[in-house]
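The values are calculated or read from the model by the stated rules, or taken from the named source; none is laboratory data. From a predicted model like this one, the values you see are computed outputs, not experimental measurements. All Cβ positions, even for glycine, are placed from backbone atoms using ideal geometry, and neighbour counts span all protein chains on display. Note: accessible area is taken over every heavy atom of the protein model, side chains too, but ligands, DNA and RNA are not part of it. Shrake-Rupley method; radii C 1.70, N 1.55, O 1.52, S 1.80 Å.
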Amino acid sequence: MASFEFNPIADFVVLRFKCPECGHDNETDALYVPMPDFTAENHSDSCNSEDYEHECPNCGHLFEITLNNGIYGGDGEITDVEDGLSVEEEFPDNEDDYEEYKSTFFDEHVKDTIEVLDKIDVLDERSRKLLYRTLYANVISSMEAYLSDRLIQKVMSSEDTKRKFVEGFKDYKDEKIAVSDIFKHLENIDSRIIKTLREIIYHNLPRVKNIYNSVLGINLGEKIVISDLMKCIGIRHDIVHRNGKDKEGNLQDISKEDVLELAEKVSKFIGNIEYEFMFQDINPDESEIELPFE
């Protein structure tokens, strides 16, 4: 069995491999990538799966394929294949398609959050406060998923941005590569970049801001905006990892108004990023000054 990874914002993947029974070169149909559940609190809970079968056209051998996709990355498995597997990803054709994607996974989530807030008004106070904390954490999780997916989509969109990322990423600078391995590294550079981008901690907004600025020329916001969101991320950390309590053991008292305010704040944050991308497309020569990032 062979395992593989793919970009979570890909529309489809195509697998190519040699049949182990007859040696025939196989190519699957375009396999639809399932959508993650962006209402989940973590990657594992956000994963959705699709199962496929592929029959070798030469000998009839049947291969079983599974695609799993979550907020921080996609992966899959194919039976009876050990090596020589290549994965081609098919992405939305243009920025308008990505706008639809963003709307589906973030804006719709915010709308759903507001609808849920209205529906839980009839619950008792204890239940309401528990759900307020859960919804608050989910808004932050959706923001992090957006930052991850948008960065991956933009970095992988051109050789120039891929090169900027590779040349500027601190963890890559100390790696030693033998000359004899250069072409092997080049063959795997896309999957290496995607894997690295998935592993970035997206609630570390100062670092994420640095990468967006250095590689894409996009300013995520003024220091006061980032600082304010970091406070919200800290509250989300208490909700998810400390059962809703801060370091002193005090329960985070989240209200309906707090959730609505956060949803509006994050929507504005993401809207400003999209505006910068739009402005950059209109004025490609005007971009942020490149800075080294870690």
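Below is a table of values for the structure above.
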| read-out | value |
| --- | --- |
| Cα centroid of the range 121-147 to Cα centroid of the range 149-201, whole Å | 35 Å |
| Chymotrypsin sites (Phe, Trp or Tyr not before Pro) lying in DSSP loop within the range 1-32, provided at most 10 other Cβ fall within 10 Å | none |
| Where only C-alpha atoms are counted, convex hull volume of the range 129-197 per residue in Å³ | 106 Å³ |
| Residue-span extension gain [Ser127 to Val166] - 0.36 nm each, minus C-alpha spacing | 9.3 nm |
| Computed magnitude of the charge dipole of the range 129-187 (debye, nearest 20; Cβ of K, R +1, Cβ of D, E -1) | 340 debye |
| Amide H within-cut-off set for Phe6, under 5 Å, with H built and near neighbours excluded | Gly74, Asp75 |
| √(5λ) per eigenvalue of the Cα gyration tensor, the range 45-84, largest first, Å | 25, 11, 6 |
| Probe 1.4 Å, all protein chains present, accessible-area order of Ser44, Ser227, Ser148, Ser255, largest first | Ser44, Ser227, Ser255, Ser148 |
| The range 128-268: mean projected area of Cα convex hull, nm² | 10.2 nm² |
| Anchor Lys268: lysines whose Cα lies under 17 Å away (excluding residues fewer than 8 positions away in-chain) | Lys102, Lys111, Lys209, Lys223, Lys231 |
| Computed Rg/Rh of the range 150-230, alpha carbon atoms with Kirkwood Rh | 1.03 |
| Karplus-derived HN-Hα couplings along the range 233-244 (A = 6.51, B = -1.76, C = 1.60, θ = phi - 60°), whole Hz, x at Gly and Pro | 5, x, 5, 4, 4, 4, 5, 7, 9, 10, 6, x |
